Amino acid sequence: MYNHILISTDGSDLAQKGLDHGLTLAKGLGAKVTIVTVTERLPVYYGLDAGVAAMAYGGYGANQKEAAEKVLTAAKAAAARMAVMADTVLIEDALPAEAIIEAAKAHDCSLIAMASHGRRGLGRLMMGSVTAEVLAHSPVPVLVVR
């Protein structure tokens, strides 16, 4: 049935439920697991003074990467506690839904497991949730955990 599960997480409490559920399913099925997290691009605001922009954007990428690596380290530890072998993937500066779908394709996953929504701030309210985008465009089944 499902032999390779891609589990998406952003480190939020709700995403943890999706991670736990995906790991439990993988353990029960004896499936491989790939855990993915995505860092988003920082929007560019035109008209900012170059010095202000450098100050505002300077550490953004490094901070995002550091936070994402912590999320993946914790997720891999959760998998190890359940005796589930898991690989981790960090996709930087990408649109989350597109990156999740592309990761599922690249790793030949047969299922995507994710929480019903994570944290995306105002962008989530205006553009719809990452989960809704993944559901609409995924070529493989998507398990949504609430």
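The values are calculated or read from the model by the stated rules, or taken from the named source; none is laboratory data. Quick caveat: nothing in here was measured; it's all calculated off a predicted structure. Every residue, glycine among them, receives a Cβ derived from its backbone with ideal geometry; neighbour counts consider all protein chains shown. Accessible surface areas use protein heavy atoms only, side chains included; no ligands, DNA or RNA. Shrake-Rupley method; radii C 1.70, N 1.55, O 1.52, S 1.80 Å.
Between LYS17 and MET82, 0.36 nm times their residue separation minus their Cα-Cα distance comes to what?
The LYS17-MET82 span can extend by a further 22.0 nm.
Using 7 Å Cα-to-Cβ label points, what is the LEU90/MET1 separation (nm, one decimal)?
3.4 nm
Would you please give the residues with an amide H less than 5 Å from that of VAL36, counting only those at least 5 places away or on a separate chain, with H modeled from the backbone geometry?
For VAL36, whose amide H was placed from the backbone, the distant partners under 5 Å are ILE7, SER8, THR9, VAL89.
For labels at LEU29 and ALA74 in the simple 7 Å Cα→Cβ model, what's the distance in nm?
The answer from the label model is 2.5 nm.
Across segment 130-146, in residue order, what do the Karplus-derived ³J(HN,Hα) couplings come to in whole Hz, using 6.51 cos²θ - 1.76 cosθ + 1.60 with θ = phi - 60° and x for Gly and Pro?
Result, ordered by residue: 4, 4, 4, 5, 5, 4, 6, 10, 5, x, 10, x, 10, 9, 9, 9, 9 Hz.
Express in Å², to the nearest 10, the accessible area of MET114 obtained by rolling a 1.4 Å probe over the protein heavy atoms while all chains stay in place.
So the heavy atoms of MET114 present about 10 Å² to solvent.
Ignoring everything but the protein chains, give the 1.4 Å probe accessible area of GLU102 in square angstrom, nearest 10.
For GLU102, solvent-accessible area is about 100 Å².
Leaving ligands, DNA and RNA out of it, rank THR88, THR24 by accessible area with a 1.4 Å probe, largest first.
Ranked from most to least accessible, the order is THR24, THR88.
When only the heavy atoms of the protein chains count and the probe is 1.4 Å, how do HIS21, HIS137 rank by accessible area, highest first?
Descending accessible area places them as HIS137, HIS21.
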